[in-house]
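Novice: Have a look at this one before I ask anything.
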Amino acid sequence: MTRNSTFTIQYSRRAALRVVQFCILSFAFCICCGSAAAQAINHDETRLLSAPNGRPGCYAPLQVVFDAPEGAKSALVECISDGVVLTRQVNIEKAGRASTQLPWLVAKGSKVRVTINGQSDEFTPAMPTRPQPPGYGRLYAAVFAPDVARARDLLPPGDDLTCDFYSEREAFEDWRLLDGYDAVLILDTANAAFYAKFWAAIREHRTLGGVTLSHTGLQSGTGISPILGAEPDEEASPWSFGECAGLRYVGGAGAHYEFSRTGRFSRAVLIAACRHQRWRGDDIPPAGPAPSRAVAEPFERGWLYPQGQEPPSAPAMFFALAGLALLLTVLGPIVAARLTSRAWVAPLAIAVGATALCALGLLQSGPPATVEVFSVESRAGDLASTRSYISCEAISGAPETWTIHLDAEGPHRLARSAPARVGCRAWVVDTPLTPLLEAGRPVTLVSGKIEGQIFRDYAAKARRGQTGYDEGSARILDWWLERFAYRGCDARIAPATPDRTPPTDWPNVFWRNRGAITVTPVRK
Amino acid sequence: MAPSRFQPAIVVAILLASASVLAVESWRAAFGIAIDASLLRALVYIELALPLLVLAPVPFKQRSEACVATLWAVACMLAGSATLFAFSFVSTSPFPLQTRGLCAAAWVASCGVTCLGAALEGRLGGPWLVRARVAWLCVAALPALWHYFALEYATKSLLHLRPLSPQWLLAAYPDADWETFTYWPLLALGGGTWLAALILTRGRA
C-alpha cells in the first residue's frame, strides 16, 4: 500500500465519519422538532375552570391552551373518556398560543388530546380536589356575575351550597359545559351580548333538569325579551322566598326563577329556589339519592339488558358473490372447452376466479351490531328533553366509542358511558329540546299508586300487555316506577312512540327501539 | 359419477343448497343453528365432508392427467372457500379463515387417495377408485364415530386418532389455527399417495 493510498483511505474514513455524525445529528434534530411539535398542550395553563370543584361522572368546563406551530390552520381538540370522545375543531389564525373550552369528564383516565398537522399530544388534567357528589342537601351552582368579588361575598361557601364563579366574559355557549351544575345563577348582569351568547345554553340546561335564576329587571332594562325566563312556551307562576319575590317558569325538566331586583337576594334564596324545584314543591326532599346525570341505574341493576342480535339479512353482495361462484364453476369449464383443448385451462381459470371471489367475500362487512335504545322523555308544557339508555353486546364490530362533534349542527347531545352487565356496553345520552313524542293515554302516579293500584301491580299489568304499554315501554316503565315511585315523585306517565332517528351515525349498526315513555312531573 | 369439470359447481351447489336448507327457520331451530357464527360452523363442517364425497377423478393412464386432477381439486377447494366467504355477512367470526389450512389438508389427502385409486384403476383395471374412496371415507369418518362412542361409553378417549379426520380435528380443536401445523398426517397421506399415483403412471404415454 502506497502512502498516497493510505492517506486516501484515512481521508475517506474521516469523511464517512463526518457523514455518519451529520446523519445522527440530523436525526436527533428531527426527533427534537417532532417532539416539540408533539408537545403542543400547555400543561400549566390548561385547567379546569371549575377547579378545585367538579362533579364526578359529569362533564366540567376545561380550558385547553396549546401552542400552534407555523403554518397550522386548525387543530382537533378531543376529550377522551371511557367510551365517549368529544371533539372540537379549532381554527388557528396565527401561530402561537391558542385556546378553547370543552367539556371534560370528571373521571379517572379522562384526558384531552390536541392534534395539529397529524401530530398529537395528550394531557390528563388533575382531578378536582373538592369533588361535588350529587345530594339533595348539597347544591352545586355556577354563578355568572360582572363583579365576581361581590358575588363571592354574596354567596359564601357553606356545607349546603358550593358555587363556581365566572365573569360575564366566561359565559358558555354550550350547555354541555354546565353539565355538572344543579343550578346556574346570573347576577346583576345587563349585558345584552352576554345573554345572546348564553341564552341557548341556559335554555338547554334547563330542559334537562337544571335550575336557573336571574333578576327580572334585566329584561326590561336591556330590552331583550324573551331572554331567560319569558319563553312563550313556558308556564309562569308566582314564587317568593322571604323578601325575594318573582316568577317561576317551567320548561322541560327544569325551571327558571326570576326574582325582583328590589328584593334582597342571598344564598338562602338560591337554595330555596333549588329545593323548590328539586324537592317538587314539597317540604322534605324525596327519598333516595339525588338526581344526577351521572347516575345510570337501569344498567347497573340489569333492568335494561340487550335482547340479542338481530339476524342479518343477506345483502346484495352475497347474492352477487354466490351467483358469480355458481356461474364461474358451471360456465367456466364449458367456455374453456370451447376456447381451448388444453385440459388445465378450465380448473386454473376457476381457481383464479374463485380466489378473487374469496377476496371479495372477505371484504364484506360483518353483520350489523344491534344497538338497543330505551327513551324517557321529560316533558313540561311544550318543551321536552330526552334521556336515552343505549346498550349493545360487546361483540366484534359493535361500536365501542360514542363520538360527539361539539360544533356539529343538530341536537346538542351529551353521552356518558354507563356501567353495564358483563359482555355489554352502555351509554346514557341526554338530548335537550327534543320534539315532543307522540304519546298515548297518560296515567298519574300519586303517592305510589296508579289508577288506584300499587305501582308494582300496574307495572305487572303493563308487562302482561293489559295497559297501553307495549313490551319495551312496559320494561322502561317498570324500571322508572321502581326507581322513582318510592321516592315520592308524582308524575303523569304515558307510553310514547320512540323517535326513529338514529342518535348517532355509527356504521353497520341496527338500531332497535325498545320503548319510550314520557314523564311530566307533578308537583305537590 | 359427475365429470371432473363440474365438480367445483357441485361443491358450490351443495354449499348453497345446505345454506338454503338451514335458512328455513324451523329446520334451523331443529339443528340448533342461528344466523350467526353457528351457521358458518355448520357450513364448514359440510365443506370438510365434500372432499370425501365429491372428489372422484376419471381413471387415468397419463401423468399429466394426474396433474389436471390435482388442479380440479384445487379449483374445488377454492370454489368452496369462495362460497363460504360469501357468507361473511353472517358473522365476523374468524373460524372460516382459521379452518382454511384444515380444508386444504383435507383436499390434499382426498386428492392423493383418489388419484392413487384412479391410477391403479387405469393401470390394473377393476374398481380401484371406488375402493380407494371407500377406504379413505372409512379412515376419515370412523375415528369420529370411535371418538363419539369413546366419549359416550368409555372413560378413555381415542383422541390420538384425531389428525386422521378433518371433522375429528375440528371437533377436537374448535379454534384450529392456520399456523399450527397439526395436519401433517393428512398432508403426508395426500402427498405420498399422489406420488405413488405419479409413479404408477410413469413411462406410460
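Novice: Identify all residues within segment A:107-120 that are open to solvent by less than 20 Å² (accessible area, probe 1.4 Å) and not in a loop (DSSP other than H, G, I, E, B); write none if there are none. Let's see the steps before the verdict.
Specialist: Looking only at segment A:107-120, we keep the residues that are open to solvent by less than 20 Å² (accessible area, probe 1.4 Å), and these are A:110, A:112, A:114, A:116.
A:112, A:114, A:116 - these are the residues of segment A:107-120 that are open to solvent by less than 20 Å² (accessible area, probe 1.4 Å) and not in a loop (DSSP other than H, G, I, E, B).
Novice: Can you list residue pairs whose Cβ atoms sit under 7 Å apart, with the first residue in segment A:343-362 being facing chain B (nearest Cβ under 7 Å) and the second being surrounded by 18 or more Cβ atoms within 10 Å (Cβ to Cβ) and of a type in the set (Lys, Arg)? Count only pairs 6 or more apart in sequence or on different chains.
Specialist: Partner pairs satisfying both residue conditions: A:346/B:5.
Novice: Right, another one. What's the total number of residues in segment A:401-424 that are acidic (Asp, Glu) and within 14 Å of the chain's Cα centre (by Cα)?
Specialist: The number of residues fulfilling the criteria is 1.
Novice: For residues that are over 17 Å from residue A:176 (Cβ atoms), among the small types (Gly, Ala, Ser) and out of contact with any helix residue (DSSP H, G or I) (no Cβ under 7 Å at 6 or more places or on another chain), tally how many sit in segment A:385-417.
Specialist: Counting residues in segment A:385-417 that are over 17 Å from residue A:176 (Cβ atoms), among the small types (Gly, Ala, Ser) and out of contact with any helix residue (DSSP H, G or I) (no Cβ under 7 Å at 6 or more places or on another chain) gives 4.
Novice: Those residues that are out of contact with any helix residue (DSSP H, G or I) (no Cβ under 6 Å at 6 or more places or on another chain), more than 8 Å from chain B (Cβ to nearest Cβ) and either assigned to a strand (DSSP E or B) or of a type in the set (Gly, Ala, Ser) (or both), I need them from segment A:333-342; list them, please.
Specialist: A:341
Novice: Looking only at segment A:425-452, which residues are within 26 Å of the chain's Cα centre (by Cα) and surrounded by fewer than 19 Cβ atoms within 10 Å (Cβ to Cβ)?
Specialist: Scanning segment A:425-452 gives A:435, A:436, A:438.
Novice: Next up: For residue A:486, work out the one condition from (1) within 14 Å of chain B (Cβ to nearest Cβ); (2) in a helix (DSSP H, G or I) it doesn't fulfil.
Specialist: Among (1) within 14 Å of chain B (Cβ to nearest Cβ); (2) in a helix (DSSP H, G or I), residue A:486 violates only (1).
Novice: If I ask for residues that are among the charged types (D, E, K, R), open to solvent by 50 Å² or more (accessible area, probe 1.4 Å) and part of a helix (DSSP H, G or I), which ones from segment B:18-70 would you list?
Specialist: Taking segment B:18-70 and keeping what is among the charged types (D, E, K, R), we get B:25, B:28, B:36, B:41, B:47, B:61, B:63, B:65.
Okay, now just the ones that are also open to solvent by 50 Å² or more (accessible area, probe 1.4 Å), so B:25, B:36, B:41, B:61, B:63, B:65.
Once the filter is applied, which keeps residues that are among the charged types (D, E, K, R), open to solvent by 50 Å² or more (accessible area, probe 1.4 Å) and part of a helix (DSSP H, G or I), segment B:18-70 yields B:25, B:41, B:63, B:65.
The rows are residues; the columns are (1) in a helix (DSSP H, G or I); (2) open to solvent by 20 Å² or more (accessible area, probe 1.4 Å).
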site	(1), (2)
A:469	no, no
A:472	yes, no
A:494	no, no
A:503	no, yes
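Novice: Going through segment A:399-436 one residue at a time, which ones are of a type in the set (A, V, I, L, M) and either at pLDDT below 90 or assigned to a strand (DSSP E or B) (or both)? Walk me through how you get there before you give the answer.
Specialist: As a first pass, look at segment A:399-436 and keep what is of a type in the set (A, V, I, L, M): A:404, A:406, A:408, A:414-415, A:418, A:420, A:422, A:426, A:428-429, A:433, A:436.
Of everything in segment A:399-436, those that are of a type in the set (A, V, I, L, M) and either at pLDDT below 90 or assigned to a strand (DSSP E or B) (or both) turn out to be A:404, A:408, A:414, A:415, A:418, A:420, A:422, A:426, A:428, A:429, A:433, A:436.
Novice: Further question: I'd like to verify a number: residues in segment B:1-14 that are more than 9 Å from chain A (Cβ to nearest Cβ) and either part of a helix (DSSP H, G or I) or polar (S, T, N, Q) (or both), how many?
Specialist: Within segment B:1-14, the first condition is being more than 9 Å from chain A (Cβ to nearest Cβ), and the residues that meet it are B:1-2, B:14.
Those still in the list that are either part of a helix (DSSP H, G or I) or polar (S, T, N, Q) (or both) too: B:14.
Result for segment B:1-14: 1.
Novice: Looking at residue A:388, is it open to solvent by 70 Å² or more (accessible area, probe 1.4 Å), more than 7 Å from chain B (Cβ to nearest Cβ) and either within 21 Å of residue B:16 (Cα to Cα) or not in a loop (DSSP other than H, G, I, E, B) (or both)?
Specialist: So residue A:388 does not fit the description; no.
Novice: If you don't mind, another one. Pull out all pairs, ordered by first then second residue, where Cβ-Cβ is under 7 Å, the residues are six or more apart or on different chains, the first lies in segment A:243-257 and is at positive phi, and the second is at pLDDT 80 or above and part of a loop (DSSP other than H, G, I, E, B).
Specialist: Within 7 Å, the pairs are A:252/A:208.
Novice: Also, quick follow-up: So, of the residues in segment A:128-160 that are among the small types (Gly, Ala, Ser), modelled with pLDDT of 85 or more and assigned to a strand (DSSP E or B), which turns out to be nearest to residue A:275 (Cα to Cα)?
Specialist: Selected residue: A:141.
Novice: Does segment A:369-377 include one or more residues that are in contact with a strand residue (DSSP E or B) (Cβ under 8 Å, 6 or more places away or on another chain) and open to solvent by 30 Å² or more (accessible area, probe 1.4 Å)? Lay out the reasoning, then the answer.
Specialist: Pass one, segment A:369-377, residues in contact with a strand residue (DSSP E or B) (Cβ under 8 Å, 6 or more places away or on another chain): A:369-377.
Among the residues that remain, those that are also open to solvent by 30 Å² or more (accessible area, probe 1.4 Å) are: none.
No, every residue in segment A:369-377 fails to be in contact with a strand residue (DSSP E or B) (Cβ under 8 Å, 6 or more places away or on another chain) and open to solvent by 30 Å² or more (accessible area, probe 1.4 Å).
Novice: For segment A:22-40, state whether one or more residues are touching a Phe, Trp or Tyr at 6+ places or on another chain (Cβ under 7 Å), open to solvent by less than 10 Å² (accessible area, probe 1.4 Å), of a type outside the set (S, T, N, Q) and at pLDDT 85 or above. Can you show your working first?
Specialist: We begin by selecting, within segment A:22-40, every residue touching a Phe, Trp or Tyr at 6+ places or on another chain (Cβ under 7 Å); these are A:40.
Pick out the ones that are also open to solvent by less than 10 Å² (accessible area, probe 1.4 Å) and you get A:40.
Adding the requirement that they be of a type outside the set (S, T, N, Q) leaves A:40.
Remaining after also requiring at pLDDT 85 or above: none.
Checked segment A:22-40: no residue is touching a Phe, Trp or Tyr at 6+ places or on another chain (Cβ under 7 Å), open to solvent by less than 10 Å² (accessible area, probe 1.4 Å), of a type outside the set (S, T, N, Q) and at pLDDT 85 or above.
Novice: Counting only residues that are aliphatic (A, V, I, L, M) and open to solvent by less than 30 Å² (accessible area, probe 1.4 Å), which one in segment B:105-126 is nearest to the other protein chains (Cβ to nearest Cβ)? Spell out the reasoning first.
Specialist: From segment B:105-126, those aliphatic (A, V, I, L, M) are B:105-106, B:108-109, B:113, B:116, B:118-120, B:124; that's our starting set.
Next, only the ones that are open to solvent by less than 30 Å² (accessible area, probe 1.4 Å) stay: B:105-106, B:109, B:113, B:118-119.
Working: B:105: 17, B:106: 17, B:109: 19, B:113: 19, B:118: 14, B:119: 16 Å.
The selected residue is B:118.
Novice: Another question, then. Does at least one position in segment A:95-106 carry a residue that is open to solvent by 30 Å² or more (accessible area, probe 1.4 Å), within 15 Å of residue A:57 (Cα to Cα), out of contact with any Gly (no Cβ under 6 Å at 6 or more places or on another chain) and assigned to a strand (DSSP E or B)? Steps first, please.
Specialist: From segment A:95-106, those open to solvent by 30 Å² or more (accessible area, probe 1.4 Å) are A:95, A:97, A:99, A:101; that's our starting set.
From what is left, the residues that are within 15 Å of residue A:57 (Cα to Cα) are none.
No: zero hits.
Novice: Please verify whether residue A:320 is out of contact with any Leu (no Cβ under 6 Å at 6 or more places or on another chain), within 14 Å of chain B (Cβ to nearest Cβ), without any contact (Cβ under 8 Å) to a residue 60 or more places away in the chain and under 21 Å from residue B:77 (Cβ atoms), treating the condition exactly as stated. Reasoning before the result, please.
Specialist: Details: out of contact with any Leu (no Cβ under 6 Å at 6 or more places or on another chain): yes; within 14 Å of chain B (Cβ to nearest Cβ): yes; without any contact (Cβ under 8 Å) to a residue 60 or more places away in the chain: yes; under 21 Å from residue B:77 (Cβ atoms): no.
Taking the combined requirement at face value, the residue does not satisfy it.
Novice: Now for a different question. Output the qualifying pairs, or none if there are none: Cβ atoms under 6 angstrom, residues six or more apart or on different chains, first residue in segment B:74-89 and at the interface with another protein chain (Cβ under 7 Å from one of its Cβ atoms) and open to solvent by 10 Å² or more (accessible area, probe 1.4 Å), second residue hydroxyl-bearing (Ser, Thr, Tyr) and part of a helix (DSSP H, G or I).
Specialist: From segment B:74-89, the pairs are B:78/A:355.
Novice: Counting just the residues of segment A:354-385 that are part of a loop (DSSP other than H, G, I, E, B) and in contact with a Gly (Cβ under 7 Å, 6 or more places away or on another chain), which one comes out farthest from residue A:419 (Cα to Cα)? Spell out the reasoning first.
Specialist: Residues of segment A:354-385 that are part of a loop (DSSP other than H, G, I, E, B), as a first pass: A:363-368, A:381-382.
So of that shortlist, the ones also in contact with a Gly (Cβ under 7 Å, 6 or more places away or on another chain) come out as A:366, A:381.
Values: A:366: 26, A:381: 33 Å.
Per the criteria, the residue is A:381.
Novice: Under 29 Å from residue B:118 (Cα atoms), within 8 Å of chain A (Cβ to nearest Cβ) and in contact (Cβ under 8 Å) with a residue 40 or more places away in the chain - does that describe any residue in segment B:55-65?
Specialist: The answer is yes, given that some residue of segment B:55-65 is under 29 Å from residue B:118 (Cα atoms), within 8 Å of chain A (Cβ to nearest Cβ) and in contact (Cβ under 8 Å) with a residue 40 or more places away in the chain.
Novice: Among the residues of segment A:299-310, is any in contact with a Lys or Arg (Cβ under 8 Å, 6 or more places away or on another chain) and on the phi > 0 side of the Ramachandran plot?
Specialist: Narrowing segment A:299-310 to residues in contact with a Lys or Arg (Cβ under 8 Å, 6 or more places away or on another chain): A:299, A:302-305, A:307, A:310.
Subsequent filtering for residues that are on the phi > 0 side of the Ramachandran plot retains A:302.
Scanning segment A:299-310, I find at least one residue that is in contact with a Lys or Arg (Cβ under 8 Å, 6 or more places away or on another chain) and on the phi > 0 side of the Ramachandran plot, so the answer is yes.
The values are calculated or read from the model by the stated rules, or taken from the named source; none is laboratory data. Just so we're clear, the structure is a prediction, and the values are computed from it rather than from any experiment. Neighbour counts run over all protein chains shown; Cβ positions are idealised from the backbone, glycine included. Protein only, heavy atoms only, side chains kept; ligands, DNA and RNA dropped before computing areas. Shrake-Rupley method; radii C 1.70, N 1.55, O 1.52, S 1.80 Å.
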